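Asker: Structure below; questions to follow.
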Amino acid sequence: MKGDRSAEPAAWEGPAHSRATPTSRASPVELLLQVGASLHATLVVDRQGRIVWMDPVLAGAAGWRSGPPVGHSAQEVLGGLPWLLHAFDAALAGTDGLCEDGGEGQRLSAVVVPVFDEDGTQVGACARLRKSERPRPEAAGAPQALCLGAVEERRAREHLEHQTSLLRATFDSITDGVIVVDLARRITAFNKRFQEIWGLTDAMMEERDAEKALASVEPRVTAPGRFIAFIREGFEPTFEYRSSIVELRDGRVLECKSIPQLLGEAIIGRIWSYRDVTAERQALAEQARLLVAEQEARERLEESFAVLDTFLNHAPVALGFIGRDLRYLRSNDALAALHGRRREEELGKTVREMTPQMAPFVEPLMRQVLDEGTPIIGLNMTGEVPSTPGEQRHWNVSYYPVRTASGTILGVGVVVAEITAEYRAQAERDRLLREAQEAIRIRDDFMSIAAHELKTPLTPLKLHLQMLKGQADTGHGVASRHVDKALAQLARLSLLVNDLLDTSRIQAGKLELATEPIPLREFIREVLLDFRGTSSLHSLRFEAPDEPLVILGDRARLAQVLTNLVENAFKYSPTGGTIRVTARRMGTEACVSVKDEGIGIPKEEQAHLFERFFRARNAPISGFGGLGLGLYICRDIIERHGGRIWVESEVEHGSTFHFVLPCL
């Protein structure tokens with residue numbers, strides 16, 4: 001009912017239920033604001049009836065137009081809402097109640113409760129307003145509605161007390177020291193950590209005087225003037241967020257932050273927080289000291305590396321330093337050049353990345369040096385590197401453990417001396433020595449063979465000439481058979497001499513050819529006529545081509561080649577057999593083949609068969625004779641005609657010699 005103070009329903013248990021019970025003492029204004037915030041109060045009044053906080057909408061509804069209502073008396077501000085003013089008068093007298101206006105349609109109702117501190121002293125009152133529809137006539141004034149409202153209010157107070165207790169416990173448990181000062185420079189709240197940081201007693205804090213508390217901590221600050229000025233500047237109402245570092249005489253360092261305390265948009269005080277950052281500052285100082293030391297050490301290291309790089313880059317051998325993880329920490333240009341890279345490209349790369357071909361061999365050696373601490377000196381190595389792919393290089397390599405002054409192995413020092421030139425020079429000397437020794441052997445063999453071959457026809461020739469002389473001396477007629485045999489030995493001797501002369505001409509590049517068109521089929525038949533009836537153990541067959549083949553060549557020299565091949569077929573078929581001579585076309589060339597059924601030639605010796613003075617090991621001079629020049633001369637003659645000559649043979653299965661010449 002308008003203007004009436006509602007009676008206390010049975011559900012209300014008295015003013016104690018609206019008291020805040022914080023764990024440490026709060027100022028009356030702080031307590032009122034905490035209770036008002038928890039109740040979502042629309043209006044908060046202190047015990048003297050002055051407005052502590054008021055919703056602007058409510059101020060407008062009350063007809064207040066003279067600026068912010070805070071600090072003015074409720075009697076002055078609530079002149080337009082006498083029913084609410086009457087309810088506050090009752091609340092300030094310690095009575096809870098509900099009240100409402102008497103307007104039509106929507107109306108305002110208010111729950112007004114007194115607020116007490118932990119000592120039971122009333123500090124003010126709070127009101128929570130709400131809009132509601134006018135009740136139906138039959139429900140108007142029903143005591144049940146008031147009873148339900150009282151129950152709701154009691155629950156709200158109990159919830160407020162619980163929340164306030166939680167807030168205070170949280171406030172006291174944080175690691176920062178916090179203090180709240182109102183605009184009158186009265187301490188409205190603080191936590192235990194604040195007292196611990198500044199060493200303030202409970203008695204000092206009970207006085208709630210911010211200026212006295214500031215004066216008591218002034219001697220503990222190393223720069224008191226600056227600190228006092230910073231704090232007093234914060235006493236002035238401002239929305240500015242401020243911070244500062246406070247150094248104490250006992251060596252501690254505090255980080256101070258200050259923010260305004262707001263109620264709605266109004267500043268009602270200032271909140272300071274202090275955090276002990278001594279350990280952090282000491283850690284930062286130590287970190288800075290270590291950074292400086294590290295920088296100095298790095299500069300000294302860089303100086304050492306500069307000296308080392310100068311030495312490395314002017315060394316005549318390849319040098320490098322490899323860490324325990326087998327990565328290049330330092331190398332000179334000579335070592336990088338072996339890998340086909342620049343020195344800067346190698347730093348931080350692994351041995352396997354730089355030399356993938358050599359890594360499987362050198363990595364175990366490096367690990368052995370790291371594990372055992374024993375150097376490996378003078379190791380000769382051969383391999384390929386990226387800078388010269390496909391080329392065998394040779395080095396003399398040494399690996400040394402690199403130690404600190406305390407003996408710890410840091411890595412491996414590598415020294416690589418290129419010995420490829422020396423190796424090749426030695427290989428060339430060895431080759432020349434082998435060739436000289438081979439030349440001496442060939443010379444000695446040739447002298448022995450030549451002496452034997454020249455002596456062989458001379459002995460029977462001398463015998464036949466002596467017999468002819470004896471017949472002439474006795475006046476008897478000369479037997480033709482002695483003359484024929486003498487001439488045959490003379491022809492054999494002439495053939496040996498001609499082979500020697502041809503060999504000399506070939507070596508001097510003076511073997512000349514007189515070429516002419518030669519019908520191959522007729523030419524071969526002419527040469528083979530000289531072999532008819534030569535041996536009763538052999539038969540000679542010629543397989544002529546199906547078409548006429550004409551070549552351009554020196555008739556005498558080609559006859560010499562074919563004669564040599566056929567003679568060899570007879571010679572190296574001591575048990576007889578068929579000698580087959582074949583001529584055929586092979587594309588644009590004519591191919592002539594001579595096949596026997598003789599002793600054959602070992603596979604491994606066939607490649608040397610056309611070399612000067614060469615004789616197969618299964619054809620000793622004592623059994624077959626010859627100077628070992630015939631096939632050598634044949635190859636040169638055929639190649640001078642633009643052809644080629646080769647052999648196919650198996651031991652004990654005969655041989656087949658082929659030569660091809662371009663057809664006209």
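The values are calculated or read from the model by the stated rules, or taken from the named source; none is laboratory data. Fair warning: this is a prediction, and the values are worked out from it, not measured in the lab. Quick reminder, even Gly has a Cβ in these numbers, built from the backbone with ideal geometry, and neighbours come from all protein chains shown.
Asker: One residue is enough: does the range 337-345 have a residue meeting the conditions closer than 18 Å to Val402 by Cβ, assigned to a helix (DSSP H, G or I) and either free of Cβ contacts under 8 Å to residues at least 40 places away in the same chain or touching a Gly at 6+ places or on another chain (Cβ under 9 Å) (or both)?
Answerer: No, because not a single residue in the range 337-345 is closer than 18 Å to Val402 by Cβ, assigned to a helix (DSSP H, G or I) and either free of Cβ contacts under 8 Å to residues at least 40 places away in the same chain or touching a Gly at 6+ places or on another chain (Cβ under 9 Å) (or both).
Asker: Let me ask another. Take Val115 and decide whether it is buried (at least 19 other Cβ atoms within 10 Å of the Cβ) and either modelled with pLDDT of 85 or more or out of contact with any Asp or Glu (no Cβ under 8 Å at 6 or more places or on another chain) (or both).
Answerer: Answer is yes for this residue.
Asker: Same structure again: Given the range 362-437, what strands (runs of 3 or more DSSP E) lie entirely inside it while holding 2 or more residues that are surrounded by fewer than 16 Cβ atoms within 10 Å (Cβ to Cβ) and touching a residue at least 60 places away in the same chain (Cβ under 8 Å)?
Answerer: Strands (runs of 3 or more DSSP E) meeting the threshold: 409-418.
Matching residues to (1) modelled with pLDDT of 90 or more; (2) in contact with a strand residue (DSSP E or B) (Cβ under 6 Å, 6 or more places away or on another chain); (3) assigned by TED's automatic domain parsing to the domain that holds Gly71; (4) more than 18 Å from Glu30 (Cβ to Cβ):
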position: Ile179; (1), (2), (3), (4): yes, yes, no, no
position: Thr201; (1), (2), (3), (4): yes, no, no, yes
position: Ala213; (1), (2), (3), (4): yes, no, no, no
position: Ile228; (1), (2), (3), (4): yes, no, no, yes
position: Phe235; (1), (2), (3), (4): no, no, no, no
position: Val246; (1), (2), (3), (4): yes, yes, no, yes
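Asker: While we're on this one: Could you pull out the residue among Arg298, Arg289, Arg252, Arg242 that is of a type in the set (Lys, Arg), closer than 30 Å to Ser38 by Cβ and either surrounded by fewer than 16 Cβ atoms within 10 Å (Cβ to Cβ) or at pLDDT 90 or above (or both)?
Answerer: Exactly one of Arg298, Arg289, Arg252, Arg242 is of a type in the set (Lys, Arg), closer than 30 Å to Ser38 by Cβ and either surrounded by fewer than 16 Cβ atoms within 10 Å (Cβ to Cβ) or at pLDDT 90 or above (or both), namely Arg242.
Asker: I'd like to check something: does the range 257-279 contain any residue that is assigned to a helix (DSSP H, G or I) and among the hydrophobic types (A, V, I, L, M, F, W, C)?
Answerer: Looking through the range 257-279, at least one residue is assigned to a helix (DSSP H, G or I) and among the hydrophobic types (A, V, I, L, M, F, W, C).
Asker: Then there's this: Could you please find all residues in the range 498-529 being at pLDDT below 85 and loosely packed, with under 11 Cβ neighbours inside 10 Å?
Answerer: Ala508, Gly509, Lys510, Glu512 - these are the residues of the range 498-529 that are at pLDDT below 85 and loosely packed, with under 11 Cβ neighbours inside 10 Å.
Asker: Take Thr382 and decide whether it is in contact with a strand residue (DSSP E or B) (Cβ under 9 Å, 6 or more places away or on another chain), at pLDDT below 90, farther than 27 Å from Arg341 by Cα and among the β-branched types (Val, Ile, Thr).
Answerer: For Thr382, the condition - in contact with a strand residue (DSSP E or B) (Cβ under 9 Å, 6 or more places away or on another chain), at pLDDT below 90, farther than 27 Å from Arg341 by Cα and among the β-branched types (Val, Ile, Thr) - is not met.
Asker: Please verify whether Phe194 is modelled with pLDDT of 90 or more and under 60 Å from the mean Cα position of the chain (by Cα), treating the condition exactly as stated.
Answerer: yes
Asker: Starting from the range 229-258, keep only residues that are farther than 17 Å from Gly177 by Cα, then list their pairs with residues that are in a loop (DSSP other than H, G, I, E, B) whose Cβ atoms are within a distance under 6 Å, requiring at least 6 positions of separation or different chains.
Answerer: What qualifies is Phe235/Arg185; Arg249/Thr222.
Asker: Just need a number here: residues in the range 567-605 that are charged (D, E, K, R) and either in a loop (DSSP other than H, G, I, E, B) or not assigned by TED's automatic domain parsing to the domain that holds His658 (or both).
Answerer: Count: 2.
Asker: Does Glu100 satisfy being crowded, with 19+ Cβ neighbours inside 10 Å, among the acidic types (Asp, Glu), more than 26 Å from Ala169 (Cα to Cα) and at pLDDT 70 or above?
Answerer: yes
Asker: In the list Arg403, Arg393, Arg367, which residue meets the criterion of being within 23 Å of Arg343 (Cβ to Cβ) and among the basic types (Lys, Arg)?
Answerer: Just a single option satisfies the conditions, and that option is Arg393.
Asker: Quick check on this structure: which one of Val180, Val217 is touching a Gly at 6+ places or on another chain (Cβ under 9 Å), closer than 24 Å to Ala279 by Cα and of a type in the set (A, V, I, L, M)?
Answerer: Matching residue, one of Val180, Val217: Val217.
Asker: Here's another thing I want to ask about it. Of everything in the range 194-204 that's free of Cβ contacts under 8 Å to residues at least 40 places away in the same chain and not polar (S, T, N, Q), which residue is surrounded by the fewest Cβ atoms within 10 Å (Cβ to Cβ)?
Answerer: Ala203
Asker: Here is a follow-up. Hey, any hits in the range 310-319 for a residue that's among the small types (Gly, Ala, Ser) and surrounded by 11 or more Cβ atoms within 10 Å (Cβ to Cβ)?
Answerer: Yes, the conditions are met somewhere in the range 310-319.
Asker: Right, next: Using beta carbons and a limit of 9 Å, which pairs, at least six apart or on different chains, have the first residue in the range 289-304 and assigned to a helix (DSSP H, G or I) and the second one surrounded by 10 or more Cβ atoms within 10 Å (Cβ to Cβ) and not acidic (Asp, Glu)?
Answerer: none
Asker: Still on this structure: Being over 20 Å from Gly654 (Cβ atoms) and assigned by TED's automatic domain parsing to the domain that holds Phe657: is that true of Ala556 here?
Answerer: yes
Asker: Is it true that Thr534 is at pLDDT below 90, touching a Phe, Trp or Tyr at 6+ places or on another chain (Cβ under 9 Å) and not in a helix (DSSP H, G or I)?
Answerer: It is true that Thr534 is at pLDDT below 90, touching a Phe, Trp or Tyr at 6+ places or on another chain (Cβ under 9 Å) and not in a helix (DSSP H, G or I).
Asker: I'd like the full set of residues that are loosely packed, with under 11 Cβ neighbours inside 10 Å and either at pLDDT 85 or above or part of a loop (DSSP other than H, G, I, E, B) (or both), limited to the range 52-68.
Answerer: Selection gives Arg65, Ser66, Gly67.
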